[in-house]
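Structure first, then comments.
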2 protein chains.
Amino acid sequence: MAKKNSDSHVSSKVPAKAANLKALAEHLGLSQGTVSLVVNRSPSAASIPPETQARILEAAKKLNYRANFFAKSLRSQRSFTIGILHPDLSDYVALVMGGIEDQLLRQNYFYFAAGHRNQRELMEEYPRMMIERSVEGIIAIDSLLQHPLPVPVVSVSGHQKMAGVTNVVLDHRRAAELALGHLLETGHRDIAFMKGPSISSDTEHRWRSICEVARTLNIEMKPELCVEMESSPTYPDVGYPVAQQLLARNQHFTALFAYNDVAAIGAIRALFDAGRRVPDDVTVIGFDDIPSAAFQNPSLTTVRQPLRRMGEIAARTLLELIDEKKAQTGGGLSKDSREEISVEPELVVRESTTCRRAPFQAEEVAAITPSFSITT
Amino acid sequence: MAKKNSDSHVSSKVPAKAANLKALAEHLGLSQGTVSLVVNRSPSAASIPPETQARILEAAKKLNYRANFFAKSLRSQRSFTIGILHPDLSDYVALVMGGIEDQLLRQNYFYFAAGHRNQRELMEEYPRMMIERSVEGIIAIDSLLQHPLPVPVVSVSGHQKMAGVTNVVLDHRRAAELALGHLLETGHRDIAFMKGPSISSDTEHRWRSICEVARTLNIEMKPELCVEMESSPTYPDVGYPVAQQLLARNQHFTALFAYNDVAAIGAIRALFDAGRRVPDDVTVIGFDDIPSAAFQNPSLTTVRQPLRRMGEIAARTLLELIDEKKAQTGGGLSKDSREEISVEPELVVRESTTCRRAPFQAEEVAAITPSFSITT
DNA sequence: GAATCCAGCTAAAACGTTTTAGCCCGGAGG
DNA sequence: CCTCCGGGCTAAAACGTTTTAGCTGGATTC
């Protein structure tokens, strides 16, 4: 197989140092203003005859003209850049960011991302640095803002009541109904609950919803069957000790509703090491449906959050807010756009909650997560 | 628990619209130049008496002065921004990016990331867009550049011989020695090999190293035991059909060396569904050591790539290259900095290659991946 | 008393755009 | 012949910095 790289003429033409507007205008014998109008297809270019326009565009291409982004931004007060604040580049965050990236790039926006690792100073500093760099808006993933910001903010899985913040959240009530309903249907009554760490911005809402739905469904949440995580559930090891703690109490339970998939995976391991089989002895249900949930052994039953889509929605919403803000030139403030956008969860039943050990079906996974491509 | 949010004075002081240099200078009764020198702690500020400096700094703080980033960049021709080109925000990429982000932020750089999803046009377009936005360098993760770029480039897991590109790569020879050595020691001779997809920039080098080492170790690589992946191994489902294909050949093998962990996970599932137990019937070894590898069941033996560190190295190297470039003002080109930086793999033996079923030890995981924090 | 020097500033160019106000000129209308 | 109009452009301000060259006025030197 011949090497594909054009090794021979490696240092071939790095395209000539981009010309600036002045050079281009001089080359054309026109003023910078005229050229600018044309290359930007400004409405004011209407009075410039088509031949001239063609001439200009051609020369621009030939000289490889690229407007200097800083000069442009300085003048027009636009950066086409947003900031993404996140705790850490976990699976969860990566999925949401993927959705955001997708939407942004197709509208010629870029983003600055920064992970604060739940450190207070950084949670203050990074938004400030972003603002300093003139981002036009900020998306906070699983992060609480300390102060109101001078740009539109969309929060994913945050629940902030703050001026200028739009929250994209899961319908946690529905999520609890799905999960508890499933456990109930499969005959469980002695259910252990794992509450998230207080550091996670979703914890409180999710927990409250679970409590409410449990009451409605007449499920008792025994305090001795409730455990609480202490640190951020980024990697599965945090689920392990929590489950151990639960086991140490020596209380009877047949099901465990974990805070999320990562925690569930760690918990399953702890159960296993303690001699309890999943799902035979204990049924386990997770939350999120991260990609590897389908490929655990046993594969994980979970409440799916459409994370990628939440990212897309967040990005679209933010760009809308930005547009609105630019449009209303100090005029009466627009419809103060919804404070909350809710998305629906989905129950994905796999092996960790049934005793049936069905052969794995590639198609099934494909159906659950349509973005995957399966090669025959 | 009292609500923490200061719901009451929500629209509290959004810090006064940042003042610009002109306003600040006027307020002080000084010229913009003087103020600029002082706030930037420029060497030329030496002749300005300390009291004046103090006055200026105080006023700057009081008026909340922040230099406009665009004006600054325009003038000083620096953006403190780099671009990250990647195929997709997979686990793998997220780890590398985490390392990069860390290094960048602590040096006041930000990054633009873009995922080309292996689409040719995007692989051309995104670097161009980044250059247009004046990034000072680019890190390509698992991505091949089409053209030389006018800025320094560091490639992670790429193997490009191209002017101005520094490669951060794994020592694949050593990796192959570790993996094959382990298989040999545990008594395997009939080994199946899974080659990566041609789209992945590491595939060829890894494969070649495996072939070489196999020859050295006198391991026969039977063609009928070699399978090749077709699409990018981002999610585990791509490993599944490849393993099926292998099984369909009805050839005897006792070990499988998968292209990476994700593929291994899918393969294990396929083996399982075909009635073969891992590790009892087939030993499986992966590559990468993604976080969930330790939490599979069976947990995955794998050749660990220090992905986070590779990201850190890439970022540090790129920033060095940038500094060098800025320093040499067109002067004789510096030591044309190493074309390749190699990092060492590490063998992580877990359950998928031994028959012993040891209880899971949290400490063990901690030892392998020290960045995890275990809460008691 | 003139020349020199230095501390402590200032003026202004430059970075590369966008955009508004308006200039110039040829032809149509009166 | 004068006026008006509008097509086709230009001039220049503005965006907010950084940085160099140089100005001013008082103290020192000879």
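The values are calculated or read from the model by the stated rules, or taken from the named source; none is laboratory data. Keep in mind it's a predicted model, so treat the numbers as computed, not measured. Positions of Cβ are generated from backbone atoms using ideal geometry, with glycine treated the same way; all protein chains shown enter the neighbour counts.
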| note | With criteria (1) free of Cβ contacts under 8 Å to residues at least 24 places away in the same chain; (2) out of contact with any helix residue (DSSP H, G or I) (no Cβ under 8 Å at 6 or more places or on another chain), B:PHE295 comes up short on (2)
| said: Looking only at segment B:77-88, how many residues end up being surrounded by 15 or more Cβ atoms within 10 Å (Cβ to Cβ) and within 11 Å of DNA strand D (Cβ to nearest atom)? | reply: 0
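Residue-wise test of (1) without any contact (Cβ under 8 Å) to a residue 40 or more places away in the chain; (2) surrounded by fewer than 24 Cβ atoms within 10 Å (Cβ to Cβ); (3) among the β-branched types (Val, Ile, Thr); (4) in contact with a strand residue (DSSP E or B) (Cβ under 7 Å, 6 or more places away or on another chain).
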{"residue": "B:ALA263", "(1), (2), (3), (4)": "no, no, no, yes"}
{"residue": "B:ARG269", "(1), (2), (3), (4)": "yes, no, no, no"}
{"residue": "B:ALA274", "(1), (2), (3), (4)": "yes, yes, no, no"}
{"residue": "B:ASP281", "(1), (2), (3), (4)": "yes, yes, no, no"}
| note | Checked segment B:285-320 for anything in a helix (DSSP H, G or I) and at pLDDT below 95; matches are B:PRO291, B:SER292, B:ALA293, B:ALA294, B:PHE295
| task | Answer with yes or no whether B:GLY286 is without any contact (Cβ under 8 Å) to a residue 40 or more places away in the chain and under 30 Å from the mean Cα position of the chain (by Cα). | result | no
| Within segment A:198-209, is there a residue that is more than 14 Å from chain B (Cβ to nearest Cβ), surrounded by fewer than 22 Cβ atoms within 10 Å (Cβ to Cβ) and not in a loop (DSSP other than H, G, I, E, B)? | yes
| task | Among the residues of segment A:47-63, count how many are within 11 Å of DNA strand C (Cβ to nearest atom) and surrounded by fewer than 15 Cβ atoms within 10 Å (Cβ to Cβ). | result | 1
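Out of A:ALA175, A:ALA179, A:ALA192, which single residue is touching a Phe, Trp or Tyr at 6+ places or on another chain (Cβ under 7 Å) and under 21 Å from A:MET310 (Cα atoms)?
A:ALA179
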| query | Quick one: would you say B:SER232 is touching a residue at least 12 places away in the same chain (Cβ under 8 Å), within 14 Å of chain A (Cβ to nearest Cβ), under 23 Å from the mean Cα position of the chain (by Cα) and more than 21 Å from B:VAL349 (Cα to Cα)? | reply | yes
| Does at least one position in segment A:64-73 carry a residue that is surrounded by 12 or more Cβ atoms within 10 Å (Cβ to Cβ), free of Cβ contacts under 8 Å to residues at least 24 places away in the same chain, more than 8 Å from DNA strand C (Cβ to nearest atom) and within 22 Å of B:SER79 (Cβ to Cβ)? | yes
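Each row is one residue, and each column tells you yes or no for (1) under 21 Å from A:LEU105 (Cα atoms); (2) modelled with pLDDT under 95; (3) within 13 Å of DNA strand D (Cβ to nearest atom).
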| residue | (1), (2), (3) |
| --- | --- |
| B:PRO50 | no, yes, no |
| B:ARG75 | no, no, yes |
| B:SER90 | yes, yes, no |
| B:MET97 | yes, no, no |
| B:LEU105 | no, no, no |
| said: Against the definition (within 10 Å of chain A (Cβ to nearest Cβ) and not aromatic (Phe, Trp, Tyr)), how does B:ARG66 come out, yes or no? | reply: yes
| note | Sole miss for A:GLU58 among (1) touching a residue at least 12 places away in the same chain (Cβ under 8 Å); (2) more than 10 Å from every other protein chain (Cβ to nearest Cβ); (3) within 16 Å of DNA strand D (Cβ to nearest atom); (4) in a helix (DSSP H, G or I) is condition (1)
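I'm trying to understand the selection: among the residues of segment A:227-280, which are assigned to a loop (DSSP other than H, G, I, E, B) and hydroxyl-bearing (Ser, Thr, Tyr)?
A:SER231, A:SER232, A:THR234, A:TYR235, A:THR254, A:TYR259
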| field | Per-region count, segment A:27-41, residues without any contact (Cβ under 8 Å) to a residue 24 or more places away in the chain and more than 6 Å from DNA strand C (Cβ to nearest atom) | value | 5
| query | Restricting to segment B:15-48, what's the tally of residues that are more than 7 Å from DNA strand D (Cβ to nearest atom) and more than 14 Å from chain A (Cβ to nearest Cβ)? | reply | 18
| request: Kindly state which strands (runs of 3 or more DSSP E) lie completely within segment B:72-178 and contain at least 2 residues that are away from chain A (no Cβ under 12 Å). | output: B:138-141, B:153-156, B:165-170
